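> Right, I'll just put the structure down here and ask away after.
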Amino acid sequence: MKINGNAIKSGMVIEHKGSLWRAIKTSHTQPGKGGAYLQVELKDIRSGTKLNERFRSSETIERAHLEQKEHQFLFTENGILTFMDIDTFEQVTIGVDLLNDNQVAFMQDGMTVTIESHEGSIIGIRLPDSISLTVTEADAVVKGQTASSSYKPALLENGVKCLVPPHIEAGSRIVVNTTDGSYVERAKD
């Protein structure tokens, strides 16, 4: 499917220079002279190499057609992740090297993820936008910092460090964004 050059968003997969590329970061730029363009940081899905490209709105880019199917994460063994198809109950295995570090850290047993494939080969997975985790350690609030909106470091049950508001203590359940590991809100469960 063809899209305009300025319609690329983070996480989108495009066909460019004969390869599949995932957009990591996008930034609209309008210089004082000349037309506006979209600066995109791309990562090759197969080799992992990175590339910075500029796309103008007048250019057309081929967006890759991905098959997306929901699977349930079962377990990890020797660097291999095992998933089960929710509809057919077939098991699928994926190497840890296909995921980024954030995705590996936020994987939980029983989690429903979306496996993306292109022309029959798996190219990646998409986690839920946010998950609930327990805070195992949280620094004490420093007196006088409560007047301004300050955050303190905390360690989550999966070993990821996150900045949380001063009222969050060890044992609290919080909702965390899976793309960047940032605090969203206190969990309601």
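The values are calculated or read from the model by the stated rules, or taken from the named source; none is laboratory data. None of these values were measured; they are calculated from a predicted model. Neighbour counts run over all protein chains shown; Cβ positions are idealised from the backbone, glycine included. Keep in mind that these areas ignore ligands, DNA and RNA; they rest on the heavy atoms of the full protein, side chains included. Shrake-Rupley method; radii C 1.70, N 1.55, O 1.52, S 1.80 Å.
> Counting only heavy atoms of the protein chains, get the accessible area per residue of the stretch 1-149 (1.4 Å probe) and round it to a whole Å² value.
Working: 9110 Å² over 149 residues.
I get 61 Å² per residue for this part.
> State, to one decimal in nm, how far the label point of I24 lies from the label point of E119, with both points 7 Å from Cα in the Cβ direction.
2.4 nm
> From Cα pairs below 8 angstrom and at least 6 apart in sequence, can you work out the relative contact order of the chain, rounded to a whole percent?
Values: 384 pairs, mean separation 26.0, N = 189.
It rounds to 14 percent for the chain.
> Moving on. Residue by residue through the stretch 153-166, which ³J(HN,Hα) values in whole Hz follow from phi under the Karplus form 6.51 cos²θ - 1.76 cosθ + 1.60 (θ = phi - 60°), with glycine and proline marked x?
Result, ordered by residue: x, 9, 10, 8, 4, 8, x, 8, 8, 8, 8, 10, x, x Hz.
> Quick one: Karplus J couplings for the stretch 16-26, per residue in order, coefficients 6.51, -1.76, 1.60, θ = phi - 60°, nearest Hz, x for Gly and Pro?
Values, residue by residue: 8, 6, x, 9, 8, 10, 9, 6, 8, 10, 10 Hz.
> Using a 1.4 Å probe, how large is the accessible area of F106, given in Å² and rounded to the nearest 10?
That residue has around 0 Å² of solvent-accessible surface.
> Something else about it: Taking a probe of 1.4 angstrom, what is the accessible area of S121 in Å², to the nearest 10?
About 40 Å², ignoring ligands and nucleic acids.
> So for E70, E59, E119, E53, what's the accessible-area order with a 1.4 Å probe, most first?
Numbers: E70 105, E59 70, E119 155, E53 35 Å².
Of E70, E59, E119, E53, the descending order of accessible area is E119, E70, E59, E53.
> Which of the lysines could a cross-linker span from K161 if the Cα-Cα distance has to be under 30 Å and same-chain partners fewer than 8 positions apart are dropped?
Of all the lysines, those that pass the test against K161 - Cα under 30 Å, at least 8 places apart if same chain - are K9, K25, K43, K50, K143, K152, K188.
> Please arrange T179, T82, T29 by accessible surface area, largest first, computed with a 1.4 Å probe and ligands excluded.
On the way: T179 105, T82 10, T29 45 Å².
Descending order: T179, T29, T82.
> Of S172, P153, I86, whose Cα points farthest to the positive end of the dipole of the stretch 33-189 (charges on the beta-carbon: +1 Lys, Arg; -1 Asp, Glu; origin at the Cα centre)?
P153
> Whole-Hz ³J(HN,Hα) for each residue in the stretch 69-83, computed from phi via Karplus 6.51 cos²θ - 1.76 cosθ + 1.60 with θ = phi - 60°, x for glycine and proline: what do you get?
9, 7, 9, 10, 6, 9, 6, 10, 8, 6, x, 10, 8, 10, 10
> Quick query: amide H of I125 versus all other amide H atoms, modeled in the peptide plane; which residues come in under 5 Å with a sequence gap of 5 or more or a different chain?
E116
> Another one. Counting alpha carbon pairs within less than 8 Å and at least 6 residues apart, what relative contact order, in whole percent, applies to the stretch 1-74? All intermediate terms of the calculation are to be shown ahead of the outcome.
Details: 142 pairs, mean separation 26.1, N = 74.
The value is 35 percent.
> Using modelled amide H (1.01 Å from N, peptide plane; none on Pro or chain starts), what sits under 5 Å from the amide H of L42, excluding residues fewer than 5 places away?
Under 5 Å from the amide H of L42 lie the amide H atoms of I24, L51, N52, E53, each far enough along the sequence or on another chain.
> Take the Cβ-Cβ distance between F75 and A7 as r, set R0 to 41 Å, and report the resulting FRET efficiency rounded to the nearest 0.05. Could you put the intermediate results ahead of the total?
Details: r = 38 Å, r/R0 = 0.94.
Given R0 = 41 Å and the Cβ-Cβ separation, E is 0.60.
> Let me ask something else. What is the magnitude of the charge dipole of the stretch 27-171 about its Cα centre, with +1 placed on the Cβ of each Lys and Arg, -1 on the Cβ of each Asp and Glu, and no other charges, expressed in debye to the nearest 20? Kindly include the intermediate steps, with their values, before the conclusion.
Working: 12 positive and 21 negative charges, 191 e Å.
The calculation lands at about 920 debye.
> Still on this model: Could you calculate the contour length gain from D97 to D189, that is, 0.36 nm times the residue separation minus the distance between their Cα atoms, to one decimal place in nm? Could you put the intermediate results ahead of the total?
Values: separation 92, 0.36 × 92 = 33.12 nm, distance 3.29 nm.
Gain on extension, D97 to D189, equals 29.8 nm.
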